[in-house]
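*Asks:* Could you have a look at this structure, given as structure tokens, before my questions?
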Amino acid sequence: MFFVDEKIVYPGHGVALVSQIIEKNVAGHKVLFYELTFISKDMTILIPVDNLIAVGVRRLSSVQKVNDLFHMLSQPHKKDVHELTSSNWNKRNKEYQCRLRTGSLEEIGNVYRDLKSIAIQKELSFGEKTLLQQTESLLAQEIAIVAQMNEDKVVEYLRSFFSLHNSIPIEQKQNVITTI
């Protein structure tokens, strides 16, 4: 159960604030809803308390999970980038969308790493660029709140993992909360 004024993650949309808990009468039954107001979108939704698990709504990641994400990003990419670029974009996009819907910080990070690795090899298509921006935004929103930092600084830090002119040593990148 979440509390009013708690920040949570809604898969595919990012961080939202539980603005209130509402009781409504639906088909003769009393149903509890969370009213979620998104942090970086002008959007508010109601979600039944009973549907939270099915939708994948979760608490913000811990500092340790954020540090684990940056450790993963600092490691060499395990997939062959040629294999990624030669596969069908529609198939990859479907897989990426499924990963984003999990709401998992790690899965979003993996999609981000795949797309950034592809971008080093070739120019991204419009769909790939759009998905890259979405994943970067989802990661930056959550990390900025967990690390209590400016979101633009987090984006800059995320991008530094894939920069050709990288000035931050890998050892420092593995513990983002104490580095930035």
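*Asks:* For residues in region 47-63 being surrounded by fewer than 13 Cβ atoms within 10 Å (Cβ to Cβ) and touching a strand residue (DSSP E or B) at 6+ places or on another chain (Cβ under 8 Å), which is farthest from G103 (Cα to Cα)?
*Replies:* That would be D50.
*Asks:* Across region 78-92, which residue is modelled with the highest pLDDT among those that are surrounded by 11 or more Cβ atoms within 10 Å (Cβ to Cβ) and charged (D, E, K, R)?
*Replies:* For region 78-92, the residue satisfying everything is R92.
*Asks:* From V18, V66, which residue is among the hydrophobic types (A, V, I, L, M, F, W, C) and either out of contact with any helix residue (DSSP H, G or I) (no Cβ under 9 Å at 6 or more places or on another chain) or farther than 30 Å from Q121 by Cβ (or both)?
*Replies:* None of the other options fit; the residue is V18.
*Asks:* Something else about it: Tally time: how many residues in region 106-149 are without any contact (Cβ under 8 Å) to a residue 40 or more places away in the chain, farther than 21 Å from I8 by Cβ and of a type in the set (S, T, N, Q)?
*Replies:* The total comes to 4.
*Asks:* Considering only region 64-77, I want to know if a residue exists there that is buried (at least 16 other Cβ atoms within 10 Å of the Cβ), outside any helix (DSSP H, G or I) and at pLDDT 95 or above.
*Replies:* No: zero hits.
*Asks:* OK, next. Identify the residue in region 104-138 that is in a loop (DSSP other than H, G, I, E, B) and among the polar types (S, T, N, Q) and, among all such residues, is farthest from L60 (Cα to Cα).
*Replies:* Taking the candidates together, the pick is S125.
*Asks:* Condition first: surrounded by fewer than 19 Cβ atoms within 10 Å (Cβ to Cβ), within 14 Å of the chain's Cα centre (by Cα) and either hydroxyl-bearing (S, T, Y) or at pLDDT below 90 (or both). Now tell me which residues in region 102-129 satisfy that.
*Replies:* If the condition is that a residue be surrounded by fewer than 19 Cβ atoms within 10 Å (Cβ to Cβ), within 14 Å of the chain's Cα centre (by Cα) and either hydroxyl-bearing (S, T, Y) or at pLDDT below 90 (or both), then T102, S104 are the ones that fit.
*Asks:* Of the numbered conditions (1) among the small types (G, A, S); (2) farther than 20 Å from N150 by Cα; (3) in contact (Cβ under 8 Å) with a residue 12 or more places away in the chain, S61 fails exactly one; give the number of that condition.
*Replies:* With respect to (1) among the small types (G, A, S); (2) farther than 20 Å from N150 by Cα; (3) in contact (Cβ under 8 Å) with a residue 12 or more places away in the chain, S61 is out only on (2).
The values are calculated or read from the model by the stated rules, or taken from the named source; none is laboratory data. Computed from a predicted structure; not experimentally measured. No Cβ is skipped: glycine too gets one built from the backbone with ideal geometry, and neighbour counts run over all protein chains shown.
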